[in-house]
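Right, one structure below, let's go through it.
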Amino acid sequence: MVKELAPAVDSFQGAFAMATRTDNEIRELSPEEWDRLVDEKARKYLGMSGAEFERRLNAGEIDIDDSPAVTRVAMMLPLHATPK
Amino acid sequence: MPHRSRTPAEAVEHYRGQTVRLLSCVTTAHTTVGGYHASDLPHRLSLSDGDPARLRGEQLTLDVTEQFRVFEDAGGWRVEIVGYLYALEYEDRELVAYHWHPRGESPITWPHLHVGADIRVGDRWLGKIHLPSGAVGLERIVAVAIAELGAEPLRDDWERLIREAGAQKADPPPVER
């Protein structure tokens, strides 16, 4: 887990100014952790496991543009088939 | 001008840093990234674990997932976006979604957008139509969220960051004919 920190600016402005630095958290996931994340999202948004979703997507049973939820989960998969 | 690095990992670090800096204009949500090496499969970067991130101001949320590859050319290692999902929702309904998924089973391989308009065109719904868009950068999505949809910027220098993000882009992908 890494934090991306831009150089701090004048702290005098403190609470009176909007941020001018980046302290949003960056989470690094291993391939296995990505798989688990995809599985979690597929269950949450589509009511199926990540593996089932990937199989049905690759078989053409589900179109990537079927719904916002489908696209959301599909784009978290590595789209690796040959470009058309 | 795209940034060049000495190693694949350095290239990804640069890319993720630039992306998170840009996103920090509108959200404090975390970003998830995987993959720091050259690979046949694209790596992925998602905002908020792939969930819509709520923006401050209007009832807007933002979806961001990018697929990227790391490769080496004459100038060094760099990251190239090879697919994306950028979507803005209002009151939990999709307003507009920019998609580019050039690989996979879909025949729609070119960058396109969907609008969340509840309009029927004969027996088709406008929201399902793939409207050609050309390749769109995340900085344009952040800009439209702030400048046109009323999301409150979270930092003073958001205009500069958007400008800088746009200036770092490589040429857009070739148009298929």
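The values are calculated or read from the model by the stated rules, or taken from the named source; none is laboratory data. This one's a predicted model, so the numbers in the text were calculated from it and none came from an experiment. Counting neighbours? That spans all protein chains shown, and the Cβs are built from the backbone with ideal geometry, glycine included.
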Quiz prompt | Close pairs (9 angstrom Cβ cut-off, 6 or more residues apart or separate chains): within 12 Å of chain B (Cβ to nearest Cβ) and closer than 26 Å to residue B:92 by Cβ in the range A:42-67, among the basic types (Lys, Arg) and surrounded by fewer than 17 Cβ atoms within 10 Å (Cβ to Cβ) anywhere | solution = A:50/A:36; A:50/A:43; A:62/A:56; A:65/B:128; A:66/B:128
Self-check item: Subset of the range B:109-145 [away from chain A (no Cβ under 14 Å) and under 30 Å from residue B:15 (Cα atoms)]
Solution: B:134, B:135, B:136, B:137, B:139, B:140, B:141, B:143, B:144, B:145
Self-check item: the range A:22-65, residues that are modelled with pLDDT under 95, surrounded by 14 or more Cβ atoms within 10 Å (Cβ to Cβ), not in a helix (DSSP H, G or I) and not charged (D, E, K, R)
Solution: A:22, A:24, A:26, A:29, A:62, A:64
Quiz item: Within the range B:129-146, how many residues are among the hydrophobic types (A, V, I, L, M, F, W, C) and more than 25 Å from residue B:118 (Cβ to Cβ)?
Solution: 5
Quiz item: Of the residues that sit in the range B:130-156 and are surrounded by fewer than 19 Cβ atoms within 10 Å (Cβ to Cβ) and among the acidic types (Asp, Glu), which one is farthest from residue B:91 (Cα to Cα)?
Solution: B:156
Quiz item: So residue B:119 clears everything in (1) crowded, with 19+ Cβ neighbours inside 10 Å; (2) touching a helix residue (DSSP H, G or I) at 6+ places or on another chain (Cβ under 6 Å); (3) aliphatic (A, V, I, L, M) except one condition, right? Which one?
Solution: (1)
Quiz item: With B:44, B:4 as the choices, which residue is basic (Lys, Arg) and either in contact with a His (Cβ under 6 Å, 6 or more places away or on another chain) or within 9 Å of chain A (Cβ to nearest Cβ) (or both)?
Solution: B:44
Quiz item: Would you pick out the residues in the range B:14-38 that are more than 8 Å from chain A (Cβ to nearest Cβ), among the aliphatic types (A, V, I, L, M) and outside any helix (DSSP H, G or I)?
Solution: B:26, B:38
Exercise. Inspect all residues belonging to the range A:30-43 and state whether any of them is in contact with a Pro (Cβ under 9 Å, 6 or more places away or on another chain), among the aromatic types (Phe, Trp, Tyr) and within 24 Å of residue B:39 (Cβ to Cβ).
Key: yes
Practice problem: Check residue B:79 against each of (1) under 16 Å from residue B:18 (Cβ atoms); (2) of a type in the set (A, V, I, L, M, F, W, C); (3) modelled with pLDDT of 95 or more and name the one condition it does not meet. | Solution: (3)
Quiz item: Which residue out of B:90, B:84 is hydroxyl-bearing (Ser, Thr, Tyr) and either in contact with a Phe, Trp or Tyr (Cβ under 8 Å, 6 or more places away or on another chain) or more than 13 Å from chain A (Cβ to nearest Cβ) (or both)?
Solution: B:84
Exercise. Quick one: in the range B:91-106, of everything that is out of contact with any helix residue (DSSP H, G or I) (no Cβ under 7 Å at 6 or more places or on another chain) and within 14 Å of residue B:118 (Cα to Cα), which residue is surrounded by the fewest Cβ atoms within 10 Å (Cβ to Cβ)?
Key: B:93
